[in-house]
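The values are calculated or read from the model by the stated rules, or taken from the named source; none is laboratory data. The model shown is predicted, which means the values in this text are computed figures rather than measured ones. Here the Cβ positions follow ideal geometry from the backbone for every residue, glycine too, while neighbour counts run over all protein chains shown. Quick note on the areas: whole protein, heavy atoms, side chains included, nothing else; ligands and nucleic acids left out. Shrake-Rupley method; radii C 1.70, N 1.55, O 1.52, S 1.80 Å.
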Amino acid sequence: MSLRKRIVLSLALISCILVAPAIYGVWSLRALQGVAQSLRVRDAEGSLALGRLQTALGEVEFSVRTSLALQALFPQEAADARSQTRATVDTVDLALQRLSTVGYGRQAQPTAQRWAELKQAIARADSLAIAGQFEQADTFRARVLEPGFAAVNQTLNPVGQAIDQGSKAQVERARDIATQAVTTTGLALAAALALTVLIGGWLTRTLLRPIHELRRGMAVVAEGDFTPDVRVNSRREDELGDLARSFDSMTRQLSELDRLKAEFVSVASHEIKTPLSVIRGYTALLLDGIYGQVSEPQKKTLASISDQTDRLTRLVQRLLDISRFEAGGGRLELREIPLRFFLNDLAHGFDALAIQNRIDFAMEIAEDLPESTIGDPDRLNEVLGNLLSNAFKFTPQGGKIRLVAMPAPDGMVIEVRDTGIGIPPDKLPKIFEKFFQVENEAQPRSVGSGLGLAIAQEIVEAHGGTITAESQVGRGTTFRVILPLRPPVASAA
């Protein structure tokens with residue numbers, strides 16, 4: 001699957017996961033909207049119809065009493081009261097019909113039955129009053145109408161209770177829906193976020209981790225190591241797999257080119273050594289007068305030729321050494337080294353130079369320094385001798401140089417400290433590069449190949465150790481070599 005499809009599918013899946021809680025929330029809102037509609041339509045209108053019904057019944061009762069009372073003395077006013085009674089009777093019928101419409105017909109059924117009986121009784125009372133039977137009408141009112149109105153009003157109580165209970169039930173339902181919606185939406189949102197994080201982590205691991213590994217590998221290659229350990233599956237069938245395969249191919253080619261370069265330098269250096277030896281030999285013969293008398297100017301010229309030949313020979317030897325280490329052919333002849341004797345012998349070689357340059361040179365060896373170590377004494381002598389030579393080269397008269405040895409966990413530390421001119425901060429990271437030389441106002445570019453520190457680093461790393469430098473301009477430099485008591489097996493071989 002290509003990266004584009006993988007990203008699109010991941011984003012689509014994340015969108016679906018995040019939309020699910022929103023859909024449930026909309027459904028819950030619609031349920032709450034239905035409850036609110038029920039409260040507004042059914043319960044509210046039922047309460048309104050019940051209130052109108054109670055009011056109309058009171059008006060009917062009042063108008064009936066009025067018409068019966070006025071019939072004997074004021075027939076016309078009694079007729080108007082009977083008209084008012086018929087109007088309020090219609091209002092009661094409409095209120096009962098409205099209760100049935102909004103869903104309370106079953107609860108209002110007893111009221112409707114009582115009301116039907118009461119309407120017949122009202123008509124009977126009116127008939128008695130119109131016929132002039134006032135005493136019978138008044139008796140009928142007291143015995144039938146008033147208990148009838150009381151009975152109708154009594155049947156309204158269950159209707160009111162039903163409306164109240166319906167309202168409470170709807171409120172409880174709304175509360176349950178809201179609580180369930182909050183809980184479910186919260187859980188769904190938490191689950192959606194968790195799934196989103198998992199998908200995001202998977203996507204990050206799928207995309208960013210290989211990119212980070214390739215970037216780290218490029219940084220390693222840029223530093224000159226063409227065998228980076230890049231953990232990217234080159235069998236992937238996407239763009240990152242193509243990039244990983246291209247990167248592997250590039251590093252293999254660079255590694256092969258670097259090996260060929262080192263082999264070429266090694267072969268070329270070896271071939272150059274032979275004519276240099278011939279030149280040195282003939283120069284010595286000329287200086288010795290084997291081929292005839294040599295004048296003083298000629299001796300100076302031949303001596304200069306001999307010096308430059310020696311310098312070129314050393315340069316060729318150093319190129320040969322560093323090319324062998326880079327090509328993996330640098331060999332260490334390991335044996336036990338008595339540390340105190342080794343360091344004392346090394347330091348004594350610089351005593352004359354210290355006296356000549358009037359430099360305070362001393363050696364500091366810790367009492368708990370191990371008695372011996374395993375290593376190549378010639379190579380280590382070359383490393384420390386190079387560091388001390390640089391210290392004497394860049395330390396002015398009256399300065400101090402210290403050769404310090406102390407124990408370290410599973411090994412030892414050897415430091416060369418000086419109070420020389422120091423190394424500028426921008427130059428310090430480059431001092432172990434081949435052919436790099438520090439140049440500043442206090443000390444112009446010194447005579448040398450620029451390979452000493454590069455070779456020293458290769459030798460130290462071949463022993464399984466590290467070499468670092470700290471420096472401050474005008475205050476001095478400290479080179480620190482950390483070595484294990486026994487080199488790794490690969491280096492020993």
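Per-structure values
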{"read-out": "Label-zone membership for the stretch 364-381, site residue 340, 7 angstrom Cα→C-beta point, backbone N under 14 Å", "value": "364-373"}
{"read-out": "Mean-position separation - Cα centroids, the stretch 198-243 and the stretch 406-427, in angstrom", "value": "36 Å"}
{"read-out": "Whichever lysines have a C-alpha closer than 28 Å to that of residue 261, once near sequence neighbours (fewer than 8 apart) are set aside", "value": "273, 427, 430, 434"}
{"read-out": "Sites residue 314 and residue 430 - FRET efficiency at Förster radius 25 Å, r taken between beta-carbons, to 0.05", "value": "0.65"}
{"read-out": "Surface accessible to a 1.4 Å probe, per residue, for the residues of the chain, Å²", "value": "58 Å²"}
{"read-out": "R0 of 60 Å, Cβ-Cβ distance residue 381-residue 256: FRET efficiency to nearest 0.05", "value": "0.95"}
{"read-out": "Distance (nanometres) between label positions extended 7 Å along Cα→Cβ at residue 299 and residue 182", "value": "11.0 nm"}
{"read-out": "Kyte-Doolittle mean at least 1.0 and Cα axial length at least 27 Å: DSSP H helices in the chain", "value": "3-38"}
{"read-out": "Accessible area, probe 1.4 Å, largest first, for residues 205, 173", "value": "205, 173"}
{"read-out": "10 Å Cβ shell holding at most 12 others, DSSP loop, chymotrypsin sites (Phe, Trp or Tyr not before Pro): longest site-free stretch of the chain", "value": "1-290"}
{"read-out": "Positive-end residue of 178, 487, 359, charge dipole of the chain with Cβ unit charges", "value": "178"}
{"read-out": "Computed label-point distance, nm, for sites residue 248 and residue 23 using a 7 Å Cα→Cβ extension", "value": "4.3 nm"}
{"read-out": "Full-stretch length increase - residue 165, residue 87 - with 0.36 nm per residue and alpha-carbon distance subtracted", "value": "24.9 nm"}
{"read-out": "Label-point separation, residue 290 to residue 355 (7 Å along Cα→Cβ), nm", "value": "3.6 nm"}
{"read-out": "Solvent-accessible area, 1.4 Å probe, carbon plus sulfur percent, for the chain", "value": "57 percent"}
